[in-house]
Amino acid sequence: MLKASALYMVIIIALVIGVICSSLIASAYFYRAQYQKTARYSLLQNNLTSGINILLAGDDTTYEQEKTFSLFQTETDTVTINRIFWGLYDIGTVKAFIQKDTLYQSLSIAHTLDSGKWAVLYLPDDERPLAVSGKTRIKGNVFIPPAGVNQAYIDNQAYSGDKRLIIGKIQNSQKTLPALNAARLEKFKELLDQKHDTISILSGDTLQNSFLQATRVFSFRKKVTTLQNICLKGNIILFSDTTLTIDSTASLTNVLVFARSIIVKSGFRGQCQLYATDTIGVGQRALFSYPSCLGILRFGAITGKPTEAKINLQSNCSFSGLIFNYEKAKNVFAPLIDIGKNTKIKGQVYSQGLLEFHDQAEVDGSVFTATFLYQTSFTRYENYINNTTLDESLLSPYYLTSDLVPVATSVKKTLQWLDLK
Amino acid sequence: MVEVVVAMAMIMVVFSLAMMIFANVSQSALSVKKVQAEAILRDVLLKASQASGNTTQSFNVGDFRIEEVVQNYQDQKNLSEIELTAYDVNQNKVATFQQVIISQHE
């Protein structure tokens with residue numbers, strides 16, 4: 001019996017061994033394939049990091065077409081890097097590839113703060129002292145006129161803050177405000193001077209464009225437009241030659257907007273850079289997350305009736321980023337930044353002209369202004385601050401700024417990781 | 001009797017084939033040593049991103065000797081190129097990493 005079935009038993013054992021061997025070979029193959037994939041991904045990730053470091057610290061800071069090069073002159077280290085001007089910041093894109101395997105990363109790049117130039121308050125020397133009243137608190141190093149700082153009694157309120165008036169080091173300021181970076185302003189001018197003739201229609205309720213793709217530009221020309229019930233995210237620029245209204249139902253993330261005037265409705269929430277030539281009005285309870293920007297840019301002389309360049313944030317707003325104004329040619333009206341009651345700014349305010357704070361306004365960061373303005377129903381005070389908090393210690397130590405403002409170092413860091421593919 | 005001999009021959013052939021396959025698969029399997037060396041190099045690379053100036057140094061981590069070479073990257077003042085190589089006890093190259101890092105000397 002045993003003798004008769006020996007061959008069958010051997011065949012069955014051989015089959016079992018065959019199955020085991022096949023599964024062994026298959027598992028070894030898949031394991032090896034997976035390992036090679038991981039190793040290749042790791043190498044690509046390494047090259048991607050190298051590309052990012054070159055973008056952040058390389059000597060070449062030009063905005064040219066993308067460049068493809070070998071990192072270490074070997075076969076598996078090719079990267080493509082590109083730098084895009086994106087308002088206050090730069091956007092870098094890096095692509096690392098080996099044959100058909102590719103990794104992409106885009107990031108926004110900002111600058112660290114120069115502690116030597118940084119100040120909670122910079123008020124140029126116009127031979128007048130700074131006057132504080134009410135519950136004003138100024139904490140941090142300041143540059144103020146040699147005339148110093150005095151207590152004042154305005155609007156039926158005496159000064160009731162810290163006895164030191166300024167909690168920090170006091171240094172003398174220069175006659176003029178430190179200037180904004182001319183090179184970045186020139187980039188803004190170039191962007192604004194480009195022709196955006198085509199009227200583009202924003203259709204649909206959501207548009208997201210990666211920084212790894214070409215910029216989507218929408219120009220409304222002279223058509224008064226309201227952005228509502230729309231979500232725009234990423235590599236998108238909106239241009240308008242007239243007033244552009246942004247409703248609270250619109251959501252803007254990392255988008256650039258250039259218009260003659262911009263009206264932001266109450267309750268808006270977003271993270272965007274808004275630039276106007278005339279006015280920017282922000283309604284109550286608006287919330288701009290970091291990094292956002294509100295800026296007035298005037299490169300040419302005003303033709304026709306002179307108008308006041310004004311940025312106005314109404315009460316209870318929260319803003320994180322930079323608010324600034326720039327006028328190349330001097331206008332009859334000094335540009336004004338008006339910060340409403342209970343409005344809180346985390347970041348920087350730079351005003352070439354006037355800066356007005358209403359009750360309980362707060363800046364956690366830095367204020368550079370030519371003149372402070374305080375107005376009551378009957379009187380207008382210059383270089384007076386009332387019931388306002390300026391405190392640099394409340395700003396995040398990780399805060400990064402743009403090289404547009406005069407407190408940035410040349411050291412660049414990653415501000416935001418944007419797209420990873 | 002012939003059947004038994006054939007069966008024996010067959011089982012011997014099958015076993016020897018199986019052993020050959022097993023030996024081949026085990027031989028070409030990934031070395032744990034290589035994976036370990038790569039993990040160590042990754043860790044060293046993270047710490048070395050604080051490196052400054054042109055340096056060449058060698059140090060031991062576990063069973064591996066790590067050779068670290070930091071040099072200026074393409075004459076750019078703020079960039080350095082770091083090359084890390086791990087050698088085993090027999091001085092065979094196990095893994096290598098190369099990356100451009102930001103110099104800390106500014």
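A short reminder: the numbers here are calculations on the coordinates, not readings from a lab. Small disclaimer: the values here were computed from a predicted structure and weren't measured. Glycine also receives a Cβ, built like all others from the backbone with ideal geometry; neighbour counts cover every protein chain displayed.
Here is how the numbers come out for the structure above:
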item: A:I13-A:K169 FRET efficiency (beta carbon distance; Förster radius 60 Å; 0.05 resolution); result: 0.10
item: Potential extension, A:F69-A:S393 segment - 0.36 nm per residue separation minus Cα distance; result: 112.3 nm
item: Principal-axis tilt of helix A:2-57 within chain A, Cα atoms, nearest 10 degrees; result: 20
item: Helix axis angle, A:182-193 relative to chain A longest principal axis, alpha carbon, degrees; result: 80
item: Chain lengthening between A:K305 and A:K341 when straightened (0.36 nm per residue, less Cα-Cα); result: 9.9 nm
item: Within region A:313-399, chymotrypsin sites (Phe, Trp or Tyr not before Pro) in DSSP loop having at most 11 other beta-carbon neighbours inside 10 Å; result: A:F378, A:Y398
item: Between region A:281-329 and region A:79-129, the alpha-carbon center distance in angstrom; result: 21
item: Modelled label reach - A:T376, point 7 Å along Cα→Cβ, region A:127-166 residues with backbone N closer than 13 Å; result: A:133-134, A:152-159
item: GNM result for chain A, Cα springs below 10 Å: residue of A:T62, A:T388, A:T243 fluctuating most strongly; result: A:T62
item: Using a Förster distance of 51 Å, the FRET efficiency for B:M20-B:Q76 (Cβ separation, nearest 0.05); result: 0.40
item: Residues B:T56, A:T226 arranged by fewest to most Cβ contacts within 10 Å; result: B:T56, A:T226
item: Magnitude of the charge dipole, the protein assembly as shown, Cβ model with Lys/Arg +1 and Asp/Glu -1, debye to 20; result: 940
item: Sites A:Q194 and A:K135, calculated FRET efficiency, Cβ-Cβ separation with R0 60 Å, nearest 0.05; result: 0.80
item: Using alpha-carbon coordinates, inclination of helix B:2-28 to the longest axis of chain B, degrees; result: 0
item: Antiparallel bridge percentage (DSSP; both residues within the protein assembly as shown; nearest 5); result: 40
item: Within straight-line cross-link reach of B:K77, aspartates and glutamates at Cα separation under 12 Å, skipping those fewer than 8 residues along the same chain; result: A:D59, A:D60, B:E106
item: Volume per residue of the C-alpha convex hull in region A:1-54, rounded to whole Å³; result: 33
item: Most mobile of A:I17, A:I167, A:I345 in a GNM of chain A (Cα contacts under 10 Å); result: A:I17
item: Derived scalar couplings ³J(HN,Hα) [region A:109-122; Karplus, 6.51 cos²θ - 1.76 cosθ + 1.60; whole Hz; x for Gly, Pro]; result: 10, 9, 10, 7, 8, 8, 5, x, 9, 5, 8, 5, 8, 10
item: Chain A: most fluctuating residue of A:Q65, A:Q352, A:Q271 per GNM, C-alpha cutoff 10 Å; result: A:Q65
item: Distance in nm between pseudo-label sites at A:F85 and B:V5 (7 Å out along the Cβ direction from Cα); result: 9.3
item: Stretch gain in nm, segment A:I98-A:A329, where the contour uses 0.36 nm per residue and the Cα spacing is subtracted; result: 78.0 nm
item: Furthest towards positive pole of dipole, A:I12, A:S50, A:Y104, structure part region A:2-111, Cβ charges; result: A:I12
item: Cα pair count fraction exceeding 32 Å, expressed as % - the protein assembly as shown; result: 57
item: Nearby lysines by direct alpha-carbon distance to A:K328 (threshold 22 angstrom, same-chain neighbours under 8 apart not counted); result: A:K175, A:K187, A:K189, A:K195, A:K305, A:K310
